[in-house]
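Colleague: Okay, here's the structure, questions in a sec.
The values are calculated or read from the model by the stated rules, or taken from the named source; none is laboratory data. Here the structure is a predicted model, which is why all the values come from computation and not from measurement. Here the Cβ is made from the backbone with ideal geometry for all residues, glycine too, and neighbour counts use every protein chain on show.
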Amino acid sequence: MSGARVLVVDDDPQIRRLTRMTLITQDYEVADARPAEEALKLLEAERYDLILLDMNLPGIGGLEACRFLRSSGTEAAIIMLTVRNTEKDKVEALDAGADDFVTKPFSAPELLARIRAALRRLPLSGEPHVVNLDEVEIDLVQRQIVVRGRRVRLTPKEFDLLHYLVTHPNIPLTHTRLLQAVWGPDHGTEVEYLRTFINQLRKKIEKNPAKPRYILTEPWVGYRFQLP
């Protein structure tokens, strides 16, 4: 997504400077902020496609800022940056609404790959913002879903997976493609993990999860979203 607008939020000036230089050389438009409070003010005034957000910010922390942005309907992709690489940190970041998680120190090629993957998951200008099925309404921008007249809550990753399926309808999507598109380029072999998320989605949107109408299994390949 050439020309995408990226906001770098980190209290380390060297990281902000190096990240800004790296992104500018790849034709991204870049702004940066140190505290989360400054970033939130920028986001009120400007639209960004992606936010690089340090988890351990002073004042309003990165997790709190991420939760606020998602609750306020921010459409931008969010990649959390942190010096810790524990499963607990990853879970907290994803549960807060982040699209991905990068551990410091990171290489420029890794960061750029993560950014490209996150930007590919954003709705394109020609894509519908709301998808209406018979008994299901999916708002891709507000990240909301209504099933048979009732609002249904999805976790951030469940919605990311559903979003990718909905925006690539009626074609077989391999396990590897889904895992890398939704969880990042380091993934691709966690088929059981993907199956668990698919089962959760079916329980939430399918009238009969055992005989799905929308999220179909492609044997030995992956899944297909059947869009009437």
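Colleague: Going through region 64-123 one residue at a time, which ones are farther than 21 Å from Arg177 by Cα, basic (Lys, Arg) and in contact with a helix residue (DSSP H, G or I) (Cβ under 8 Å, 6 or more places away or on another chain)?
Modeller: Residues satisfying the conditions are Arg70, Lys104.
Colleague: State the number of residues belonging to region 1-27 that are without any contact (Cβ under 8 Å) to a residue 40 or more places away in the chain, farther than 18 Å from Lys104 by Cβ and not polar (S, T, N, Q).
Modeller: The number of residues fulfilling the criteria is 3.
Colleague: On to the next question. Considering only residues that are surrounded by fewer than 20 Cβ atoms within 10 Å (Cβ to Cβ), within 19 Å of Phe101 (Cα to Cα) and touching a Leu at 6+ places or on another chain (Cβ under 9 Å), which ones fall in region 160-185?
Modeller: Within region 160-185, Tyr164 is the sole residue that qualifies.
Listed here are the residues, each with its yes/no results for (1) in a strand (DSSP E or B); (2) among the hydroxyl-bearing types (Ser, Thr, Tyr).
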| residue | (1), (2) |
| --- | --- |
| Leu53 | yes, no |
| Leu63 | no, no |
| Cys66 | no, no |
| Thr74 | no, yes |
| Ile79 | yes, no |
| Arg84 | no, no |
| Ala98 | no, no |
| Val102 | yes, no |
| Ile115 | no, no |
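Here's the yes/no breakdown for (1) assigned to a helix (DSSP H, G or I); (2) modelled with pLDDT under 95; (3) of a type in the set (Phe, Trp, Tyr):
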{"position": "Pro185", "(1), (2), (3)": "no, yes, no"}
{"position": "Gly188", "(1), (2), (3)": "no, yes, no"}
{"position": "Glu192", "(1), (2), (3)": "yes, yes, no"}
{"position": "Arg195", "(1), (2), (3)": "yes, yes, no"}
{"position": "Gln200", "(1), (2), (3)": "yes, yes, no"}
{"position": "Lys207", "(1), (2), (3)": "no, yes, no"}
{"position": "Arg213", "(1), (2), (3)": "no, yes, no"}
{"position": "Leu216", "(1), (2), (3)": "no, no, no"}
{"position": "Trp220", "(1), (2), (3)": "no, yes, yes"}
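Colleague: Pick from region 13-28 the residues that are surrounded by 14 or more Cβ atoms within 10 Å (Cβ to Cβ) and not in a helix (DSSP H, G or I): which of them is nearest to the chain's Cα centre (by Cα)?
Modeller: In this case the residue turns out to be Tyr28.
Colleague: Kindly provide the set of residues from region 186-228 that are in contact (Cβ under 8 Å) with a residue 12 or more places away in the chain, of a type in the set (D, E, K, R) and either under 19 Å from Glu137 (Cα atoms) or crowded, with 16+ Cβ neighbours inside 10 Å (or both), ordered by number.
Modeller: Arg202, Lys204, Lys207, Arg213, Arg224, listed by residue number.
Every residue, every condition in (1) among the hydroxyl-bearing types (Ser, Thr, Tyr); (2) crowded, with 16+ Cβ neighbours inside 10 Å; (3) in contact (Cβ under 8 Å) with a residue 40 or more places away in the chain, yes or no:
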| residue | (1), (2), (3) |
| --- | --- |
| Leu81 | no, yes, yes |
| Arg84 | no, no, no |
| Glu87 | no, no, no |
| Phe106 | no, no, no |
| Arg116 | no, no, yes |
| Ile145 | no, yes, yes |
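Colleague: Then there's this: If you check Arg5 against the conditions, is it within 19 Å of the chain's Cα centre (by Cα), surrounded by fewer than 19 Cβ atoms within 10 Å (Cβ to Cβ) and over 13 Å from Ala65 (Cβ atoms)?
Modeller: In short, yes.
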